[in-house]
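Taken together, the values in this text are just the output of simple stated rules run on the coordinates, not laboratory data. No experiment lies behind these values; they were computed from the predicted model shown. Cβ placement follows ideal geometry from the backbone for every residue including glycine, while neighbour counts extend to all protein chains displayed.
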Amino acid sequence: MSPARSRSDGLGMVSEGLELPLDQLPPIDTNHIKILPMCWKNPVTGKLALQIHPSAIRAIHLPGGSKMTDLEEVRELVHRLQRPAIAPKYVYAHDWEEGDLVLFNNQGVIHSVVGAFGPDEKRLFRQCNLASSEGVMGPDGKLYE
């Protein structure tokens, strides 16, 4: 992505044509590319969560087999979809104290770091992932491996 830059609200990249060309990026094994639905269904609650990595998206696969590939259009659409999620009523900002532990469903939130630390403080972040033999569930209940 470098030397491209992120949007000021943290939701994706600014389309300025500054992205490195694909031939200057490390090789990609296309066997590892997965096409997943934009919404994943929580198998316990049944609620849907928008699951898009706005900094890495390059195209949107549409019903019927067509693709949206204009990077600026793709980024604008994703931003319009994600922007409501950072409205104040949906934001939880934790006022950290030593020893705090915060747990959240990583597939159901947008998370980021905000400047709540003093200049002499450091952030230690540990992530625990629970392995699953199942793929993700789409809005229709289908499992995507």
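A few points about this structure:
- For the chain, the relative contact order is 23 percent, taking Cα pairs closer than 8 Å that sit 6 or more residues apart in sequence and dividing their mean separation by the residue count.
- Vicinal HN-Hα couplings computed from phi for segment 59-69 (Karplus, 6.51 cos²θ - 1.76 cosθ + 1.60; Hz; Gly/Pro x): 7, 10, 7, 9, x, x, x, 7, 10, 8, 10
- Listed by chain and number, the aspartates and glutamates whose alpha-carbon sits under 20 Å from that of Lys122, ignoring those within fewer than 8 places in the same chain, are Asp95, Glu97, Glu98, Asp100.
- For Gly141, net neighbour charge (Lys/Arg +1, Asp/Glu -1) across residues whose Cβ lies under 15 Å away: 0
- Long-range tail of P(r) for segment 1-144 (Cα pairs > 18 Å, %): 68 percent
- Partner aspartates and glutamates for Lys34 [C-alpha distance under 12 Å; skip if fewer than 8 residues away on the same chain]: Glu145
- Just checking the listed ones, Ile86, Ile35, Ile52: in the Gaussian network model of the chain with Cα springs under 10 Å, the one fluctuating most is Ile35.
- Partner lysines for Lys47 [C-alpha distance under 20 Å; skip if fewer than 8 residues away on the same chain]: Lys89, Lys142
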